[in-house]
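Undergrad: This is the structure I have questions about; it appears just below.
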Amino acid sequence: MIQQWWKDAKFGMFIHWGIYSVPAGEYAGVKTDNIAEWIMHDLRIPIAEYEKFAASFTGEHFDADKIVRFAKECGMKYLVFTAKHHDGFAMYHSKADAYNTSITPYKRDPVRELKNACEKYGIDFGLYYSQAQDWHDPDGCEDGENGEGKDFEKYFKNKCLPQVKELLTDYAPVKLLWFDTPMYMTAEQSKELKDFVLSIQPDCMISGRIGNGLGDYVTTGDNFIPLLPIGYSFEVPATTNHSWGYNKFDSDWISAKKIIRRLVKIVARGGNYLLNVGPRPDGSIPAECTEILKEIGSFLKYNGDSIYATVSIPPYPYDIDWGYFTYKPGKLFIHVFEDLDRVYLLNIHNKPLKAYLLKDKTPLKVKERCTCEGDSSWLIKLPQNRDKDIDRVICVEVEGAELEFEPIKR
Ligand code: H79
């Protein structure tokens with residue numbers, strides 16, 4: 001079931017950390033063109049060779065407290081950590097399977113450490129678990145195969161369910177289980193997994209990728225933003241460069257400007273944004289990435305009211321190319337992406353009561369007028385954008401609990 005904490009959160013941190021960060025996009029002199037955590041699959045690395053990466057997984061700079069505090073400073077309200085990715089390596093002390101962080105020089109349990117830090121800083125804690133693909137288990141799914149010669153039920157009963165149970169009992173409460181790539185799981189298997197999760201923790205949320213339409217919400221395609229409000233709660237999982245796991249060659253970072261604007265766009269359409277960081281094998285996060293997140297944090301520090309706990313709104317009937325609207329009962333937020341000196345809008349039904357720039361409360365006037373064509377209109381003059389803000393947010397306090405746009409008249 002969708003929980004209110006998740007609906008209100010809007011912005012979360014995804015962490016992809018695993019032994020794929022050791023090859024970091026290159027194996028035996030060959031670079032992978034694809035996402036770095038897929039290197040085992042894409043470069044056909046034999047299991048026994050891939051296992052050797054565990055010996056270089058040192059984690060000496062992994063500081064869960066610092067990461068979670070940082071996520072909070074950057075305005076993220078929840079966190080999802082890869083407890084097990086498709087490579088089958090558990091990033092916690094699993095009793096069900098020895099292939100886990102205990103066998104690395106790092107030795108520790110990042111799930112435990114992150115969970116404790118999340119509790120300390122009031123961040124909602126979630127875990128990613130690759131329930132179907134497992135390239136280490138002889139019976140786990142692998143992309144491009146249809147399961148011939150494999151006994152998926154065997155893997156499902158002997159590894160997947162026991163590990164999910166461990167996660168939900170040893171690290172409770174897990175607020176969100178983020179399943180991924182259901183592959184050829186049947187509806188019965190997805191249902192069994194869902195019922196199993198809920199039997200242990202009834203209020204645990206389940207991502208859309210549990211498969212067979214059984215998730216609590218829609219998980220969009222990786223890095224894909226729906227064009228319109230889709231009528232369901234949704235979450236956009238997305239990267240800060242082109243990979244999820246650390247890739248030493250990927251220096252093509254997405255700017256803070258783009259990410260802030262994507263966040264506004266996603267929230268305006270009723271969704272959440274789960275933004276990924278990929279630590280190195282030593283546990284550090286590339287500085288280029290943390291700088292981007294800091295800038296997002298500065299925006300949210302002053303403009304968070306226009307993001308968190310906002311509700312999905314009907315689409316505005318005109319195509320405005322300079323920004324977006326977000327809304328919470330009584331407050332319409334107009335996000336202005338360009339250096340406009342005025343905002344002119346038609347067809348907003350609610351009566352404006354008071355307006356100001358959200359970041360510093362500079363008062364603004366809303367001039368209301370009926371146009372010659374008979375449309376209602378608002379004119380709001382804006383001061384110069386001296387600080388070169390990426391998004392100037394105007395808050396207009398309005399009458400009425402629901403936001404209503406008037407349709408375009410014939
Ligand atoms: O965990 C992250 C990805 O590893 C995972 N989902 C996010 C959250 C994911 N699993 N599958 N996919 C993404 C789709 C992957 C497709 C591709 Fe490929 C992997 C394209 C290139 C590498 C498989 C191998 C399909 C083509 C080649």
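Undergrad: Restricted to region 195-223, and to residues that are open to solvent by 40 Å² or more (accessible area, probe 1.4 Å) and charged (D, E, K, R), which residue is farthest from Y273 (Cα to Cα)?
TA: My answer is D195.
Undergrad: Which numbered condition trips up R112, out of (1) at pLDDT 95 or above; (2) charged (D, E, K, R); (3) assigned to a loop (DSSP other than H, G, I, E, B)?
TA: Among (1) at pLDDT 95 or above; (2) charged (D, E, K, R); (3) assigned to a loop (DSSP other than H, G, I, E, B), the lone unmet condition for R112 is (3).
Undergrad: Any residue in region 184-209 that is within 26 Å of E145 (Cβ to Cβ) sitting within a Cβ distance under 6 Å of a residue that is open to solvent by 70 Å² or more (accessible area, probe 1.4 Å)? List the pairs, counting only those 6 or more apart or interchain.
TA: Correct list of pairs: A187/N212; S190/N212.
Undergrad: Within region 224-239, take every residue that is exposed (fewer than 15 other Cβ atoms within 10 Å of the Cβ) and free of Cβ contacts under 8 Å to residues at least 60 places away in the same chain and give me the one that is nearest to the ligand (Cβ to nearest atom).
TA: Among those that are exposed (fewer than 15 other Cβ atoms within 10 Å of the Cβ) and free of Cβ contacts under 8 Å to residues at least 60 places away in the same chain, it is F224.
Undergrad: Would you be able to say whether some residue in region 92-104 is modelled with pLDDT of 95 or more, assigned to a helix (DSSP H, G or I) and either more than 23 Å from S284 (Cβ to Cβ) or charged (D, E, K, R) (or both)?
TA: The answer is no; no qualifying residue exists.
Undergrad: Also, I was wondering about something else. On the given criteria, is E51 at pLDDT 95 or above and either surrounded by 14 or more Cβ atoms within 10 Å (Cβ to Cβ) or assigned to a helix (DSSP H, G or I) (or both)?
TA: Considered against the rule, which asks whether it is at pLDDT 95 or above and either surrounded by 14 or more Cβ atoms within 10 Å (Cβ to Cβ) or assigned to a helix (DSSP H, G or I) (or both), E51 comes out as yes.
Undergrad: Working only within region 126-141, note down all residues that are within 13 Å of the ligand (Cβ to nearest atom) and over 24 Å from the mean Cα position of the chain (by Cα).
TA: W135, C141
Undergrad: Quick check on my filter: what residues within region 1-30 are open to solvent by 10 Å² or more (accessible area, probe 1.4 Å), part of a helix (DSSP H, G or I) and either within 14 Å of the ligand (Cβ to nearest atom) or acidic (D, E) (or both)?
TA: Matches in region 1-30: D8 only.
Undergrad: The conditions are (1) at pLDDT below 95; (2) open to solvent by less than 10 Å² (accessible area, probe 1.4 Å), and D33 fails exactly one of them. Which is it?
TA: Condition not satisfied by D33: (2).
Undergrad: Look through D33, D65 and report the one residue that is over 27 Å from V197 (Cα atoms) and within 16 Å of the ligand (Cβ to nearest atom).
TA: One residue alone meets the criteria, D33.
Undergrad: Same structure again: Does region 36-48 hold any residues that are buried (at least 21 other Cβ atoms within 10 Å of the Cβ) and charged (D, E, K, R), and which are they?
TA: Across region 36-48, the qualifying residue is only E37.
Undergrad: Quick one: in region 288-314, of everything that is open to solvent by less than 60 Å² (accessible area, probe 1.4 Å) and among the small types (G, A, S), which residue is nearest to the ligand (Cβ to nearest atom)?
TA: Among those residues, the one meeting the criterion is G297.
Undergrad: Can you find, within region 247-263, the residue that is nearest to the ligand (Cβ to nearest atom) among those that are buried (at least 19 other Cβ atoms within 10 Å of the Cβ), touching a residue at least 60 places away in the same chain (Cβ under 8 Å) and within 17 Å of the chain's Cα centre (by Cα)?
TA: Filtering first and then ranking leaves L263.
Undergrad: Here's something else I'd like to know. So which residues in region 144-188 are under 23 Å from the mean Cα position of the chain (by Cα), outside any helix (DSSP H, G or I) and more than 16 Å from the ligand (Cβ to nearest atom)?
TA: Y171, A172, P173, V174, K175
The values are calculated or read from the model by the stated rules, or taken from the named source; none is laboratory data. Because the structure is a prediction, the values reported are computed rather than measured. Every residue, glycine as well, gets a Cβ built from its backbone with ideal geometry; the counts of neighbours run over all protein chains shown. Heads up: the accessible areas ignore ligands, DNA and RNA and are worked out on the full protein's heavy atoms, side chains in. Shrake-Rupley method; radii C 1.70, N 1.55, O 1.52, S 1.80 Å.
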